[in-house]
Amino acid sequence: ARPEAHAVLRRLAAGEPVRVGELPESGRAEVRRLLEELESFRAVTRADPH
């Protein structure tokens, strides 16, 4: 996994929100897939910013 994915996992473990749009574009697709996989078994929940 890329360093971006590890950083996201650390943030999630600390209870911090993660916004994919704020991540570096180079790792965004991988992080999005990771978050979608975690969301699929309810390890994380998606929040609508609106």
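Read the figures in this text as sums done on the coordinates, not as results from a lab. Since we're looking at a predicted model, the values are computed, not measured. So basically every Cβ, Gly included, is an ideal-geometry build from the backbone, and we count neighbours across all protein chains shown.
Annotation for the chain: trypsin sites (Lys or Arg not before Pro) lying in DSSP loop with at most 14 further Cβ atoms inside 10 Å of their Cβ are Arg19, Arg42, Arg46. Here volume of the Cα convex hull per residue in Å³ was computed from the coordinates, and among [x] 107; [y] 120; [z] 78 the match is [z].
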